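All of the numbers you see were taken from the coordinates with simple rules; none came from a lab. The structure presented is a predicted model; accordingly, all values stated were derived computationally and were not measured. Here the Cβ positions follow ideal geometry from the backbone for every residue, glycine too, while neighbour counts run over all protein chains shown.
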Amino acid sequence: MLSNLKEIIPGSEHWPHFVRNRSERFEARFSLVEVQQSPSVFFDGMAGSRMPIAVSHGEGLAEFANAQALAGAETSGTIALRYVDGHGQIATQYPQNPNGSPNGLTGICTTDGRVTIMMPHPERVFRTVANSWHPDGWGEDSPWMRMFRNARIKIG
């Protein structure tokens, strides 16, 4: 929904619209994402983290108006999350990139980092018990909990 309101959200001029997945199906799975360096308040201090995340959407394909719009997003520094494969390479193929977005893009923020849009669902896997597998060292909270703690710190 927020991607369709970009005209009224300052700093979102590079945002795509999220449209129907390239597979033409609702995708529900675990995928691997890597947090990118961006101004997103959610992902402060998390750049480079690779974590499993729940995907559950039918409209997650990031659609840009043209190649110049995609290039603008890439150079803006606002891409917050990308799908990656098991080797940490940007996922461009299905099923590692479940929606088919260009360059594995799956999360982008405003230039000031106050608003972030994404199609995977970290709120579904912030506890380790919600993951199908996790390393023993995770304890009760998955690494996604940091995203929510970052937001709490930012709003005071």
If I go through region 96-118 residue by residue, how many of them are in contact with a strand residue (DSSP E or B) (Cβ under 8 Å, 6 or more places away or on another chain) and either acidic (D, E) or not in a strand (DSSP E or B) (or both)?
11
Restricting attention to region 64-81, and to residues there that are over 11 Å from H14 (Cα atoms) and under 16 Å from the mean Cα position of the chain (by Cα), which single residue is surrounded by the fewest Cβ atoms within 10 Å (Cβ to Cβ)?
A80
Considering only residues that are touching a helix residue (DSSP H, G or I) at 6+ places or on another chain (Cβ under 6 Å) and over 14 Å from R29 (Cα atoms), look in region 82-100 and name the one that is surrounded by the fewest Cβ atoms within 10 Å (Cβ to Cβ).
I90
Within the set of pairs 6 or more residues apart or between chains, which connect a residue that is in contact (Cβ under 8 Å) with a residue 60 or more places away in the chain inside region 41-52 to a residue that is of a type outside the set (A, V, I, L, M, F, W, C) and part of a strand (DSSP E or B) with Cβ atoms less than 6 Å apart?
F42/T116
Hits in region 52-75 - residues which are part of a loop (DSSP other than H, G, I, E, B) and in contact with a Lys or Arg (Cβ under 6 Å, 6 or more places away or on another chain)
E59
Tell me which residues, restricted to region 33-51, are in a strand (DSSP E or B) and surrounded by 18 or more Cβ atoms within 10 Å (Cβ to Cβ).
V33, E34, V35, M51
